[in-house]
Amino acid sequence: MQKLTALLAGLVAMPAFAQGESPVIVEGGVPTAVVSYADLDLGSPNGLATLNGRINSAASRLCFEGGRTDLATRLSWSRCFKTAVASAKPQIDRALAAKTLASSGMIKVAAR
């Protein structure tokens with residue numbers, strides 16, 4: 001029965017990843033999403049805008065939960081989002097400075 005439950009849970013989660021969303025992993029106790037830019041031209045404004053959109057989307061998935069909540073929780077979510085987006089900035093700067101796509105083409109967005 002446990003195997004069936006795990007299989008069904010995997011099938012439910014699969015469509016989100018198939019739509020381009022990266023899975024959330026935990027590295028060193030910190031929720032992290034890996035964002036790919038291997039398919040983007042970071043030298044173009046559209047490529048950079050797409051990457052920033054992917055990073056914002058990953059940060060949102062890491063930090064925000066649905067539903068009504070109190071102000072303190074919303075402020076905490078907002079700090080998490082800002083921290084997650086900021087964690088990607090140095091990696092974007094390195095990719096742009098290299099003026100070529102990095103071999104991995106990945107940026108890690110961390111919630112803390």
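Just the Cα atoms of the stretch 21-110, one point each, no solvent: what log10 I(q)/I(0) does Debye give at q = 0.11, 0.17, 0.19 Å⁻¹?
With one equal scatterer per Cα and no solvent, log10 I(q)/I(0) is -0.33, -0.71, -0.85.
Based on other C-beta atoms within 10 Å, arrange Leu62, Leu71 from fewest to most. Walk me through the numbers before you get to the answer.
On the way: Leu62 22, Leu71 7.
Taking fewest neighbouring Cβ atoms as first place, the list is Leu71, Leu62.
Could you give me the ³J(HN,Hα) list for the stretch 78-88, computed from phi with Karplus coefficients 6.51, -1.76, 1.60 and θ = phi - 60°, whole Hz, x at Gly and Pro?
Result, ordered by residue: 5, 4, 4, 4, 4, 5, 5, 5, 5, 5, 7 Hz.
Can you give the extra length, in nm with one decimal, that the chain gains between Asp70 and Ala38 once fully stretched, where that is 0.36 nm per residue apart less the Cα-Cα distance?
Length gained, Asp70 through Ala38: 7.6 nm.
Computed from the coordinates by the stated procedures, all read-outs in this text should not be read as laboratory data. This is a predicted model, so every value here is computed, not measured. Cβ coordinates were reconstructed from backbone atoms using ideal geometry, including for glycine residues, and neighbour counts include every protein chain displayed.
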